[in-house]
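Only one structure is covered here, and it is reproduced in the block below.
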Amino acid sequence: MGVLAIVFAVSALKGGGSAKPIATQSSSASSEAPATSSSKTPSAVASHPSETAVVVLNGTSTPGLAHHLASDLQQGGYTLAAASAGVPPGTHATTVVEYTKGHRADAKAVAKALNVTQVQAIESTIASLAGSARVVVLAGADQASQLGGGGAQSNGEPAAGAGAGGSGSATGESAPGQ
């Protein structure tokens, strides 16, 4: 009898616990369609610029290029834009805006703000330098030429103060003239 009471109590607790997830599942199921369509919305409609975390990497030897582009973005309302000290592999003739899953529209908006035509899903080598940013600008020689700089690989660039955290600089310092 005691064992039966324990089994009954345990099943009642499990039943009460499973009834709640079933209710949650049914409410989730009824709201699943809107959740799915709203999860597609970020890729169709860009977030407000002030809500878009952007990291700018310098893929050239032009000092201060990432900082300059991050500053341009900040002036355009991208308050979470920051230059990174991260060094992307290879040399980059053309600026590319890359995005994490679900942030294509954000990347297109950033590209438009910088007059960049190439937008693509983020590459794994760049993702490791992105920190928590959802959009990464990989500055190329085409942007460097606007500042009168060269196009070879960068040795890195100090981060530009505040911005998208975890973007590659522990100090957050900016070199003079950057």
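Given the residues 119, 87, which is the only one that is among the hydrophobic types (A, V, I, L, M, F, W, C) and within 15 Å of residue 60 (Cα to Cα)? Can you show your working first?
On the way: 119 fails: within 15 Å of residue 60 (Cα to Cα).
Just a single option satisfies the conditions, and that option is 87.
Exactly one condition in (1) buried (at least 19 other Cβ atoms within 10 Å of the Cβ); (2) more than 17 Å from residue 67 (Cβ to Cβ); (3) touching a Ser or Thr at 6+ places or on another chain (Cβ under 8 Å) is not met by residue 99; state its number.
(3)
How many residues are open to solvent by 10 Å² or more (accessible area, probe 1.4 Å) and not in a loop (DSSP other than H, G, I, E, B) when one looks only at the stretch 60-96?
7
Which residue, of 117, 125, 171, is at pLDDT below 95 and open to solvent by 80 Å² or more (accessible area, probe 1.4 Å)?
171
Here is a list: 83, 93, 109. Which entry is closer than 17 Å to residue 144 by Cβ and within 14 Å of the chain's Cα centre (by Cα)? Lay out the reasoning, then the answer.
Details: 93 fails: within 14 Å of the chain's Cα centre (by Cα); 109 fails: closer than 17 Å to residue 144 by Cβ.
On inspection, the qualifying residue turns out to be 83.
The values are calculated or read from the model by the stated rules, or taken from the named source; none is laboratory data. Computed from a predicted model, the values in this text were never measured in an experiment. Cβ atoms come from the backbone with ideal geometry, glycine included; neighbour counts cover every protein chain shown. Protein only, heavy atoms only, side chains kept; ligands, DNA and RNA dropped before computing areas. Shrake-Rupley method; radii C 1.70, N 1.55, O 1.52, S 1.80 Å.
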